[in-house]
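No value in this document is a laboratory result; all are computed from the given coordinates. Small disclaimer: the values here were computed from a predicted structure and weren't measured. Heads up, the Cβs are rebuilt from the backbone with ideal geometry, glycines too, and the neighbour counts pull from every protein chain shown.
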Number of protein chains: 2
Amino acid sequence: MKPARDVLGRLDSTDVTIDDAFWNPRLEANREVVLEYQYEQLEESGALENFRVAADDRDGDFQGMRFADSDAYKWLEATSYTYENDPDPALEERMDEVIDLIAAAQEPDGYLNTYFTIEEPGARWTNLGEMHELYCAGHLFEAAVAHHRATGSDRLLSVALDFADHVDETFGPDARRGYPGHEEIETGLVRLYRVTGETRYLDLAQYFLDERGQEPSVFERELATFEADDRAGNPKWYRYLFEDKAGEYDGSYAQDHTPIREQETVEGHAVRATYLYMGMADVAMETDDESLYETLETLWQNMTRKRMYVTGGIGSSHDGERFTDDYDLPNDTAYAETCAAVGSVFWNERMQRITREARFADELERALYNGFLAGVSLDGTEFFYVNPLESDGDHHRKGWFTCACCPPNVARLLASLDEYVYTVTQDERELFVNLYLGSTGTIRPDGTEVTVTQQTDYPWDGAVSLEVSTPEPVTFDLHLRVPEWCRNLTLTVDGEDRSVDPDAGYVTVGRSWEDGDAVSVEFEMDVECLRAHPNVTNDTGRVALQRGPVVFCLEETDNRAPLSNVVVDEESIEATESDVLEGVTVLEGSGRYTPPDVWENRLYQREEGITSEPVDVTAIPYYAWDNREPGEMLVWLRTD
Amino acid sequence: MKPARDVLGRLDSTDVTIDDAFWNPRLEANREVVLEYQYEQLEESGALENFRVAADDRDGDFQGMRFADSDAYKWLEATSYTYENDPDPALEERMDEVIDLIAAAQEPDGYLNTYFTIEEPGARWTNLGEMHELYCAGHLFEAAVAHHRATGSDRLLSVALDFADHVDETFGPDARRGYPGHEEIETGLVRLYRVTGETRYLDLAQYFLDERGQEPSVFERELATFEADDRAGNPKWYRYLFEDKAGEYDGSYAQDHTPIREQETVEGHAVRATYLYMGMADVAMETDDESLYETLETLWQNMTRKRMYVTGGIGSSHDGERFTDDYDLPNDTAYAETCAAVGSVFWNERMQRITREARFADELERALYNGFLAGVSLDGTEFFYVNPLESDGDHHRKGWFTCACCPPNVARLLASLDEYVYTVTQDERELFVNLYLGSTGTIRPDGTEVTVTQQTDYPWDGAVSLEVSTPEPVTFDLHLRVPEWCRNLTLTVDGEDRSVDPDAGYVTVGRSWEDGDAVSVEFEMDVECLRAHPNVTNDTGRVALQRGPVVFCLEETDNRAPLSNVVVDEESIEATESDVLEGVTVLEGSGRYTPPDVWENRLYQREEGITSEPVDVTAIPYYAWDNREPGEMLVWLRTD
């Protein structure tokens, strides 16, 4: 990998504006419906009331999950990104109200966690493995940096810094040993470091990373001395998460099974895991740490080559919401939490910035258009926590969850989508286009303000045009990602075709640009019938349909059910425009359907007895499923 | 179903002699190697020593699993069947020695269980759910009846009757409530009833059946009062077996979730389940109980149509060794315990006798030639407990197990195989041929001793000839089972062809027979490519090869591995004789093999990129796998 000092920067909200037929409705819903709805839920669920009770010492119990504070922080982060793009005074006022609540709940020494302040003030930091104090701190830090950047205000940042200082005094080589059960604070601390330049925060993030997995395990000791030390939390639950069947300590749930630099497989709770890797990448960027890079590369290979759904979903098991074994990717019982897809986007974004390699943006794109985007309904008000690749018709999005991690995570990624489109070198003389969507991005090579305007009907059409607007001729390299799914492309620079290797990763157009110069690229967008590795036995005899970055699925409302009785003819599948689901491209084709009575009272029968009839098949984008009549859904279609 | 009074009898060891090219080596190994070896293991494992320690009150701890007594009983039962066929005085002497040990360990009140006598004499019957007192009693009763029938001796029978009387005094409507955690005593009691005519034993069996699943559950109460009542056993283990994840009582592990007549699906530990159904069938036969029949039919439908491997293996989950959900039949993690296949044979044998329907003998045959027979090595000295349908090469038979239920269960079924060949009406004027194997069977219609001699090279060849030997012309019906796997057959009676419906179940030849009359039938034995129900997602895009009753598999030693990279051409598969594995018929054909490097560093790829090369494919009978070099094994072969 490249050394850290060359890490790419990203164009943030001030430099990018999205205006895109596909994304505008998502972003509008996020801005106009989701944030408002989630604010109401914060009130309704008691998450805001917790801050009031903690501040006033007024009567009242803590409400909700013990990490409910983080719901408010994530909402603040999402709202800050939105405000940065579209500064609405009403939004700022509401943020200030919430920040006031938070600030009032902070204890004099900087500590901030409403569960402990309300319920167990004496038990701070006694249960790092199972409780979420450091996790909530991390989300506070991310929110504080986002708010500061969006508003210029220090109101939330000062709260965050006070807490960060408190955490820094509490933990470290010269203080008590510890690290978070659920990672997140590592990234939060690096963000504080970037804003303040205070190296203590970076050092603390590094400490948390390197202490994890060392002998003796902090969590193992917590578990062993649970009752004796009068810890907060639930020993039964702790044991469930951190003990194997033989009752032995197993830290893999929280990536505590071995020192992080020795980890070679992605293990445990998938959100924790990706947040850990994101934190490792953040620290690596700042410290130019080769060993961290190498570990991340190994982990990424394991995840993307052996433990990831074709949708980019990760964490295949409900039990522990976790990664399991290589190639263990059941479709109907897939967990594939929306938050884990978000974590994968976060991690891949950092990997691209470190390495400048397109493969990371490819995986970002896969997770974004599929495993992540399925997490939210088209109208933005309902959410999947769990994203199976096959459903019997009983799986539906809900408005909010007792464990409300996913909805605000969806909100903060959508609200900051503009930051995922482009990355640049420090001198802004190299611009990487990572996502294709209608947008303008501004860079300043040699101090000249240059706008690149992107127009496309992606993800339905592979044609993308980019036009440069500059007051004077300027030299910079435009690096266009050639998506992994693309077999052929045509690149035209100022009307002149150029030949391009489709395996190029990025194709580079380097030149002196003049105002109005245009590049157009057409990524051939065929229907692809994907097969899974032979070891993924759940996908044997099946194909997944993909076109562009979008994975497709059958829904019962368009097809004959049971869907498992349909065998598709791969050759017949063609893409066509439609007016369903806000006008998605659908795939249509034919196949054979075996009526259920052919199998009545039979479990096994000779092939000759299995009669079938012709059937039409219609597939819709996976992300858009469960937005119409309830029914079966299937991604991996039978071809046998 | 037919009323119980018409239940078929079976021709037992005194009336049937097996002389068959396929089975002789199995039966010889069982007689000459297995019983001797298992006797040594009884000594080595401490199972016999337990009886000595219990009898003498000598110093010593109980050794082995708490139901180790049953290993000795099952060995005695198997040895009795063997002795009945081939009365060897040395065998009788050894049985007598073991019986002396058992008799000496019996307590004055008839109670007999060495674990409790040695370790917890005061805790009898305090833990019916998890301990195995009634289970061991049932095996004692079966052994006692077998020994009595084989030798005429009452030595073991009187021990059994004393214990049965004790159990009868202890449990029942007018005594304490209870029923066994592991069924088996029900069948044992019916056997005692048949030998003695004592209705108390039948009534007690019926009581145990009908009390199961009633509110309040005996096991639930035991669990709730475990410590307070100072019970024997392990509450943690009890909880693991009988509580769901939420910590609520769930009796399904031991079929205690609902009254047995209301059970509609096969649930829980598969050996327990089949032993329950066997006991229900036994009681139903004696009491002509319509409701029990109907329940058994419902359960059988559920098992054979939704919860059974193509090998006849049942109980798909390691966790609880149990049935799971409909169509949940994973191949690599299949549990499919050998004992459960034995239980299925026992149950199906009874169902055929109740109903006279061939479908039960079909399923008996399936389990016998596949799921059961795989349980023992060709030389008879090593055993599978677990019978997966796919192996990575690490699964091998072992000589004995700490939990040694399977080896003696294999021995007692093989030793009594002669009893599974024919069933007859009470008047012996109708003879049902259920299994095709070289044998002579004697019936006495109207008092005339008639011998039917069967000759065949089954299961490799579908030609079967039967010749009648009779001192005078005699009228009886010969019912020949038309195996479910057979599509076409030719029936010749005294040189004259008769047309037969292959779906007949049994084809009947009714006539006046003269000495030397012959019937020959040829069951066309094609290679069948079986598909599984579309809901069995583990088998999607795969076929299982079957020829006659034998299911085949690929082994690594004959094929290119990884076997999951092989796609077979179904049309190419042909049967051929071989000299491997004692001369089994093998299946040979061709297919395509994808070298592993095609998938290097890829989890998903478009179909066009998946190159392959031609490959030869050789399949051997599933029962014979793991008798040569260790390696991968696969039953369900890819066809996509």
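Quick check on my link table: of A:LYS398/B:LYS245; B:LYS245/B:LYS306; A:LYS236/A:LYS306, which ones sit more than 29 Å apart, alpha carbon to alpha carbon?
In this structure, A:LYS236/A:LYS306 lie more than 29 Å apart at Cα.
Given chain B, what percent of its DSSP beta bridges are antiparallel, to the nearest 5?
Of those bridges, close to 95 percent are antiparallel.
Label A:ARG444 and B:VAL580 with points 7 Å out from Cα along Cα→Cβ: what is the distance between them in nm?
7.4 nm
Got a sec to turn the phi values of the stretch B:369-386 into Karplus ³J(HN,Hα) couplings, 6.51 cos²θ - 1.76 cosθ + 1.60 with θ = phi - 60°, whole Hz, x for Gly and Pro?
Using θ = phi - 60°, the values come out as 7, 10, x, 7, 5, 5, x, 10, 5, 4, 8, x, 10, 10, 9, 8, 8, 10 Hz.
Of all trypsin sites (Lys or Arg not before Pro) in the stretch A:48-151, which ones are in loop regions per DSSP and have a Cβ with at most 11 other Cβ atoms within 10 Å?
A:ARG58
Counting only Cβ atoms, what residue of chain A lies nearest to the axis that sends chain A onto chain B, and how many whole Å off?
A:GLY541, 1
Cα centroid distance between the stretch A:480-519 and the stretch B:166-201, in Å?
The distance from the Cα centre of the stretch A:480-519 to that of the stretch B:166-201 comes to 84 Å.
Bins of 10 Å, beginning at zero and ending with the bin holding the largest distance: percent of Cα pairs per bin for the stretch B:18-420, please.
5, 24, 35, 28, 8, 0
Evaluate the Debye formula for the stretch A:527-638 with equal point scatterers sitting on the alpha carbons, no solvent, and hand back log10 of I(q)/I(0) at q = 0.16, 0.24 Å⁻¹, in q order, two decimals.
For the stretch A:527-638, the Cα-only Debye profile gives -0.75, -1.42.
Got the B:GLY495 label distances to the other copies yet, label 7 Å along Cα→Cβ, in nm, shortest first?
Those label-point separations list as 9.9 nm.
What distance in nm lies between label points placed 7 Å from Cα along the C-beta direction at A:ASP477 and B:GLU36?
8.0 nm
Please list 3J(HN,Hα) in residue order for the stretch A:79-86, calculated via the Karplus relation 6.51 cos²θ - 1.76 cosθ + 1.60 where θ = phi - 60°; whole Hz, with x for glycine and proline.
Listing the rounded values in order: 5, 5, 4, 5, 4, 4, 7, 8 Hz.
In the stretch B:449-471, whose amide N lies under 20 Å from the spot 7 Å out along Cα-to-Cβ of B:ARG498? List them in ranges.
Hits in the stretch B:449-471 for B:ARG498 at 20 Å: B:450-456, B:462-470.
Semi-axes, largest first, in whole Å: what does sqrt of 5 times each Cα gyration tensor eigenvalue give for the stretch A:465-504?
For the stretch A:465-504, the ellipsoid semi-axes come out as 24, 12, 9 Å.
First obtain the Kirkwood hydrodynamic radius of the protein assembly as shown from its Cα pairs, then insert it into the Stokes-Einstein equation at 25 °C and 0.890 mPa s, and state the resulting D in µm² per second as a whole number.
For these conditions, the coefficient is 71 µm²/s.
Under 25 °C and 0.890 mPa s, how fast does the stretch A:16-159 diffuse according to Stokes-Einstein, given a Kirkwood radius computed over C-alpha pairs? Answer in µm²/s, whole number.
155 µm²/s
I need A:VAL345, A:VAL586, A:VAL580 ordered by Cβ neighbour count within 10 Å, fewest first.
The order, fewest Cβ neighbours first, is A:VAL580, A:VAL586, A:VAL345.
Find the Rg to Rh ratio for the stretch A:347-473, where Rh is the Kirkwood radius over alpha-carbon pairs and Rg uses the same atoms.
We get a ratio of 1.05 for the stretch A:347-473.
So for the stretch B:302-381, Kirkwood radius off the Cα pairs, Stokes-Einstein at 25 °C and 0.890 mPa s: how many µm² s⁻¹?
In µm²/s, the coefficient rounds to 192.
Taking 8 Å as the Cα distance limit and 6 or more residues as the minimum spacing, I'd like the relative contact order of the stretch A:422-523 as a percentage.
Reported as a whole number, the value is 27 percent.
Say each of A:ASP174 and A:ASP427 gets a label point 7 Å from the Cα, pointing the same way as Cα to Cβ; how far apart are those two points in nm?
The modelled label-to-label distance comes out at 4.1 nm.
Neighbour counts of other C-beta atoms within 10 Å: give me B:TRP125, A:TRP300 arranged from fewest to most.
Ordered from fewest to most neighbouring Cβ atoms within 10 Å, B:TRP125, A:TRP300 come out as B:TRP125, A:TRP300.
Which distances in nm, rounded to one decimal and ordered from shortest, link the label point of B:THR14 to the equivalent label points in the other identical copies, with labels set 7 Å from Cα toward Cβ?
List, nearest first: 10.3 nm.
Enter the Cα centre distance for the pair the stretch A:234-292 and the stretch A:335-413, rounded to the nearest angstrom.
Each part's Cα centre sits 20 Å from the other's.
Can you list the copy-to-copy distances for B:GLU215, using a point 7 angstrom from Cα toward Cβ, in nanometres, shortest first?
So the distances to the same position in the other copies read 5.5 nm.
Rounded to the nearest 5, what % of the DSSP beta bridges within the protein assembly as shown are antiparallel ones?
95 percent
Pop the C-beta distance of B:ALA103 and B:ARG261 into the FRET formula with R0 = 22 Å and round what comes out to the nearest 0.05.
0.05
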